[in-house]
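Structure first, commentary second.
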Amino acid sequence: MAAAYHLKEQDHEFKVFERVHNVGGNARTIPLNVGGVNRWVDLGVNDFNKNSYTNLMEVFTRLGVEYAPLEDSTGYSNIGPGGAFDPETVVGYTMPSSDRPQMGHNAPEGVLKGAAMFGDAIKRYLKLEDMDQHKDMQWWTMDQFVKWAGFPDDYVYLNLYPRINGMYFAGMIRPSEMPARQVAHYYYLQEGYGTVLPPERQYWVGGTVNWIRKLSAYLQHGLPQVIFRGVKAQIELLDSGKVRVYTLPVDAAAGSKPQTEDFDKVIVAVQTRTLEEIYYRQEQVPAMVKQLKNAMSMETDEVVAHTSTANMPPDPNLWATYNINVFADRDSPERYNITYWANRHQNDPKNPTYRGMTPQFFLTLNPLNPVPDICRLNNKTFGDCTMFKFYHYRLNVEATKAQDNIAPVMMKGIDNVYFTGGYTQGAGLHEECWISGTHVAKHVLDDAHENPHIYLTDDVADKLKVARRHPTPRYLLDLM
Ligand SMILES: Cc1cc2nc3c(=O)[nH]c(=O)nc-3n(C[C@H](O)[C@H](O)[C@H](O)COP(=O)(O)OP(=O)(O)OC[C@H]3O[C@@H](n4cnc5c(N)ncnc54)[C@H](O)[C@@H]3O)c2cc1C
């Protein structure tokens, strides 16, 4: 949709095919009725930083997209299914500020000290990583980064590591093994650590779906139908250089024949796990696409909205975000169950039922702590259940290398097929998806377009006869 936006700006013809019945992918809001009160919840993408999502902010202003500040929140993480706050069992301070006096507990000094050092450390890292003489820093793990920065242990184990585990949605990578660059980019862009302007985190009023609706209405405006929902698309490369698109409604009867239409160019914006399936003939899948798919593997998590008291703190006003499982990374190699609470990122503070009134609900993303069926909140439109399966990238060092060396080439197009999506840029945040879509649209419109922030190893750059670029993209350096 980001690419389509730019094609439309240039009066270029386009069609969008979306496999499911709602566009937006991971941007998914569902209406909920909790105890007779109408609410909504964002199951996936739910917040952004107004001061660093500069490309999206322009679009929001132009399309009149409504957003509002997230409530500033404190988060504590306890091992176990939830329960009352207990300083003895606390394992994490998701937000280290001590602004919730009713909790009667402040984060240890080391946590506060480390949090104060973190922004500056990221900034120094991004600057150094960008210099040729420090090239090795681009592949640093978090373990190396943490030692270099000299953070207090309490900060590393009680705040940073539990939090980066949450950021990757309980991925199967130990926090110490995560690539420092991906973590630094995430914190810098989404959370504004070390940026010139302090973060101003926002949510979309009424849920992310409202922004997606505005964008689809804009794309569709003044044109014959260009957005097709509930249609699975596949492509075939033709000898003529054109690309044949096969489309089949997902609810078509078995044995139905797909429709075909030939296009000059096709932009593929699916997750890496389904990249190969996009090709109608498997022998046409480029080697590079296979390589990238293998390097950028995906994991799945189920998110559930529920009212299970066994999965959250007893005070409903503390219910807000995820109950998750993470790697402790200090005492045990096992994953453990962790509940982030008093962390109000998910709910809508403008809703009159938000504060002080029951019933409340909670989101759980934790297979170790399953929610009983009876407590799951139902939603008729989405098949009677709020459960949703998310796939997210395992951004380890191998994936980061593939992102640097293969994704930029795919974005420039292979046989008139161009690739965009969360995997092409950093941690795949909304802003990064938008930037990726923008550049792919520019590649489509002009073969000579150069993506200004791609990074290629010297040998790939030589082969493609393009310049080696910086690992820290311009849009991040601009925030310094
Ligand atoms: C749980 C979660 C929370 C997140 N929260 C945030 C956040 O708060 N802020 C933020 O900035 N970023 C967030 N992100 C990052 C987010 O992933 C990206 O911003 C973005 O949603 C990724 O977009 P995408 O287009 O790459 O993939 P997707 O959103 O997955 O879209 C891919 C689309 O392709 C469609 N498709 C697949 N195959 C076919 C086919 N054959 N034919 C037609 N269509 C097909 C799919 O149905 C899907 O709609 C979050 C991610 C996750 C997983």
* Asked: Of GLN291, GLN259, which residue is more than 30 Å from PRO31 (Cβ to Cβ), over 28 Å from the mean Cα position of the chain (by Cα), surrounded by fewer than 15 Cβ atoms within 10 Å (Cβ to Cβ) and of a type outside the set (A, V, I, L, M)?
  -> GLN259
* Complete set of residues in the stretch 125-140 that are part of a helix (DSSP H, G or I) and either over 25 Å from VAL196 (Cα atoms) or without any contact (Cβ under 8 Å) to a residue 12 or more places away in the chain (or both) -> LEU128, ASP132, GLN133, HIS134, LYS135, ASP136, TRP139
* Structure fact -> Cβ pairs under 6 Å, 6+ apart or interchain, first in the stretch 441-453 and under 19 Å from HIS470 (Cβ atoms) and assigned to a loop (DSSP other than H, G, I, E, B), second at pLDDT 90 or above and not hydrophobic (A, V, I, L, M, F, W, C), ordered by first then second residue, are HIS449/LYS442; HIS449/HIS443; ASN451/HIS439
* To do: Starting from residues that are hydroxyl-bearing (Ser, Thr, Tyr) and modelled with pLDDT under 90, keep the ones in the stretch 417-460 and report whichever is nearest to ASP404 (Cα to Cα).
  => TYR455
* Asked: Inside the stretch 232-256, can you point out the residues that are farther than 23 Å from THR424 by Cα, in contact with a Leu (Cβ under 9 Å, 6 or more places away or on another chain) and surrounded by 12 or more Cβ atoms within 10 Å (Cβ to Cβ)?
  -> ARG244
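Can LEU248 be described as touching a Ser or Thr at 6+ places or on another chain (Cβ under 7 Å), hydrophobic (A, V, I, L, M, F, W, C) and modelled with pLDDT of 95 or more?
Values: touching a Ser or Thr at 6+ places or on another chain (Cβ under 7 Å): yes; hydrophobic (A, V, I, L, M, F, W, C): yes; modelled with pLDDT of 95 or more: yes.
Yes: the conditions hold for LEU248.
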* To do: Take the residues in the stretch 12-31 that are farther than 24 Å from ALA252 by Cβ and not in a loop (DSSP other than H, G, I, E, B), then tell me which one is farthest from the ligand (Cβ to nearest atom).
  => PRO31
* To do: For the stretch 410-432, name all the residues that are under 25 Å from GLU236 (Cα atoms) and not in a loop (DSSP other than H, G, I, E, B).
  => MET410, MET411, ILE414, VAL417, TYR418, PHE419, GLY422, TYR423, THR424
* To do: Considering only the stretch 222-253, state which residues are touching a Lys or Arg at 6+ places or on another chain (Cβ under 6 Å) and of a type outside the set (A, V, I, L, M, F, W, C).
  => LYS232, GLU236
* Asked: Out of all the residues in the stretch 276-295, is one or more of a type outside the set (Phe, Trp, Tyr), modelled with pLDDT of 95 or more, more than 14 Å from the ligand (Cβ to nearest atom) and part of a strand (DSSP E or B)?
  -> no
* Could you run through the stretch 1-52 and say how many residues are among the polar types (S, T, N, Q) and within 29 Å of TYR193 (Cα to Cα)? => 6
* **Restricting the stretch 348-407 to residues that are among the aromatic types (Phe, Trp, Tyr) and at pLDDT below 60, the residue that is nearest to the ligand (Cβ to nearest atom)** => PHE382
* Asked: Under 7 Å by Cβ, and 6 or more places apart or on different chains, what pairs join a residue from the stretch 21-36 that is under 13 Å from PHE388 (Cα atoms) with one that is modelled with pLDDT under 85 and of a type in the set (Ser, Thr, Tyr)?
  -> ILE30/THR386
* Out of curiosity, is VAL183 buried (at least 22 other Cβ atoms within 10 Å of the Cβ), closer than 21 Å to ARG330 by Cα, within 16 Å of the ligand (Cβ to nearest atom) and modelled with pLDDT of 90 or more? -> yes
* Structure fact -> Flagged in the stretch 204-249 as within 15 Å of the ligand (Cβ to nearest atom), closer than 20 Å to LYS265 by Cβ and polar (S, T, N, Q), in numbering order, are GLN234, THR247
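I'd like to verify a number: residues in the stretch 147-163 that are in contact with a helix residue (DSSP H, G or I) (Cβ under 6 Å, 6 or more places away or on another chain) and either touching a residue at least 40 places away in the same chain (Cβ under 8 Å) or surrounded by 23 or more Cβ atoms within 10 Å (Cβ to Cβ) (or both), how many? Please lay out each step first, then the result.
Of the stretch 147-163, the ones in contact with a helix residue (DSSP H, G or I) (Cβ under 6 Å, 6 or more places away or on another chain) are 149, 151-152, 154-156, 158-159, 161.
Still in the running and either touching a residue at least 40 places away in the same chain (Cβ under 8 Å) or surrounded by 23 or more Cβ atoms within 10 Å (Cβ to Cβ) (or both): 152, 154-156, 158-159, 161.
Adding up the residues that qualify gives 7.
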* Please list, ordered by first then second residue, the pairs with beta carbon atoms under 8 Å, 6 or more apart or interchain, first in the stretch 42-59 and at negative phi and of a type in the set (A, V, I, L, M), second in a loop (DSSP other than H, G, I, E, B) and within 9 Å of the ligand (Cβ to nearest atom). => LEU43/ARG28; VAL45/ASN26; VAL45/ALA27; VAL45/ARG28
* Scan the stretch 32-58 residue by residue and report those that are within 13 Å of the ligand (Cβ to nearest atom) and part of a strand (DSSP E or B). => VAL41, ASP42, PHE48, ASN49
* the stretch 411-432 - residue that is within 16 Å of the ligand (Cβ to nearest atom) and over 20 Å from the mean Cα position of the chain (by Cα) and, of those, nearest to MET142 (Cα to Cα) -> TYR418
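The values are calculated or read from the model by the stated rules, or taken from the named source; none is laboratory data. None of the values given here were measured: they were computed from a predicted structure. No Cβ is skipped: glycine too gets one built from the backbone with ideal geometry, and neighbour counts run over all protein chains shown.
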